[in-house]
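For reference, the structure discussed in these notes is given below.
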Amino acid sequence: MTKKQLEESVTYLKNKGFEAPEIGIVLGTGLGQLVDEIEDSIEAHYNHIPYFPLATVEFHSGKLIYGTIANKKVVVMQGRFHLYEGYDFLDITYPIRVMHQLGIKKLFVSNAAGAINLDFKKGEIMLIEDHINLQGGSPLAFKNVAEFGDRFVDMSEPYDLDMREKISAIAKKEGILIKKGVYASVVGPQLETKAEYRMLKILGADAVGMSTVPEVIVANHLRLPIVAVSVLTDECDPDNLEPVNIKEIIEIAGRTEPKMIQLFKELIREI
Ligand code: HPA
């Protein structure tokens, strides 16, 4: 990754009309309905944006969408890049750097995750308060990182307190139950074993998924305030573990997404 490449990506998008978005939004697996809320949208397919990671066949629908939600200019990633697809840490976080260069001032992130904390149920939303990186690497471990910001990035409060408080207040007002907790990121794509779920619980995780943490690390590198939510799609109970059902995970993500959209939309309105 070079600054020149980033500039080329940004120039391409600005020429398409991606002018001064205020908020960047990353949509997780099964979470695409927010796109219907975007007014006056302009789309750029990932494969057409210079230096964007080249999308795989199953990922052909990935695109960046610019437009308006609640009177604010947003840029939305419909579909994200995962390590388990064979991309590296720099690839999967490149779009965050591009959105930052486009001018976003805040980043919203969503994902589908499994509930490790068994007080949490599928179909609930967890506001991420902290995370554990179990992906075995960092998107900041590259030679010329200093050209892009600090190398030793502070992670004492990676998720913006002010937006967390605002989301909690919105949830209360709207009557949406939200849980709060720690998200652990693994590489995947295989799901976890019973022993691994036990381990994750001991480590202090409330939810587990295969994304988000690299993007959040880079957003902290860029000093972008972040709010992130997990849509809990399954309960990871090692003593009663059922075989994974990806279809059900995606269905539950879709069914729960309207609550997430409501929270995000209100937060966009308020900030
Ligand atoms: N692990 C377990 N359950 C899940 C995951 C995961 O990574 N993502 C969504 N549900």
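Here region 95-137 is scanned for amide nitrogen atoms under 11 Å from the site 7 Å beyond the Cα of D237 along Cα-to-Cβ, giving 118-122. Here the accessible area is traced with a 1.4 Å probe on the protein chains. For the chain, carbon and sulfur cover 50 percent of it. In a simple Cβ point-charge model (Lys, Arg +1; Asp, Glu -1; nothing else charged), the chain has a dipole of about 520 debye relative to its Cα centre. First check a/c for region 215-271, with a ≥ b ≥ c the square roots of the eigenvalues of its C-alpha gyration tensor; if it is under 1.5, answer rounded, and if not, answer prolate when a/b is larger than b/c or oblate otherwise. Oblate, because a/c is 1.5 or more while a/b does not exceed b/c.
Using only the alpha-carbon atoms, how far is helix 161-174 inclined from the longest principal axis of the chain? Give it as 0 to 90 degrees, nearest 10. Taking Cα atoms only, the helix is inclined about 60 degrees.
Accessible surface area normalised per residue over the chain is 45 Å², counting heavy atoms of protein chains with a 1.4 Å rolling probe.
Gain on full extension, evaluated as 0.36 nm per residue between K173 and D88 minus their Cα-Cα distance, stands at 26.5 nm.
Compared with the direct C-alpha span, the chain from L118 to K180 gains 21.0 nm at full extension, assuming 0.36 nm per residue. Round to a whole angstrom and tell me the spacing of the C-alpha centers of region 21-87 and region 191-240. Cα centroid of region 21-87 versus Cα centroid of region 191-240: 21 Å apart. Sketch the reach of a paramagnetic label on R269 as a point 7 Å from Cα along Cα-to-Cβ, and name the residues of region 8-30 whose backbone nitrogen lies under 20 Å away. Under cut-off, by backbone N: 22-25.
A simple count of charges around I42, restricted to other residues whose Cβ falls under 14 Å of its Cβ and scoring Lys, Arg +1 and Asp, Glu -1, yields 0. Between D154 and E129, what is the label-to-label distance in nm when each label sits 7 Å out along the Cα-to-Cβ direction? Reported label-point gap for D154 and E129 is 2.1 nm. For a test of the definition: using alpha carbon positions, the gyration tensor, and the 1.5 limit on a/c, classify region 36-155 as rounded, prolate or oblate. It is rounded, given that a/c, with a ≥ b ≥ c, falls under 1.5. Modelled label positions at N71 and D40, each set 7 Å beyond Cα in the direction of Cβ, lie 1.4 nm from each other.
Counting only alpha carbon atoms, the long axis of helix 89-102 and the longest principal axis of the chain meet at about 50°. When Rg and the Kirkwood radius Rh are both evaluated on Cα atoms of region 171-271, their ratio Rg/Rh stands at 0.99. Annotation: amide H of H131 within the under-5 Å range of Y183, sequence separation 5 or more or interchain, hydrogens built in the peptide plane.
Computed over the Cα atoms of the chain, the ratio of the radius of gyration to the Kirkwood radius (Rg/Rh) comes to 0.94.
From its DSSP helices (H runs of at least four residues, each -39,500 (n - 2.57)), the chain gives a residue-normalised ellipticity at 222 nm of -10500 deg cm²/dmol. If you model region 92-154 as an ellipsoid using its alpha carbon gyration tensor, with each semi-axis the square root of five times an eigenvalue, the axes come out at 29, 16, 10 Å, biggest first.
The values are calculated or read from the model by the stated rules, or taken from the named source; none is laboratory data. Fair warning: this is a prediction, and the values are worked out from it, not measured in the lab. Note: ideal-geometry Cβ built from the backbone for every residue, glycine included; neighbour counts use all protein chains shown. These area figures cover heavy atoms from the full protein model, side chains too; ligands, DNA and RNA do not enter into them. Shrake-Rupley method; radii C 1.70, N 1.55, O 1.52, S 1.80 Å.
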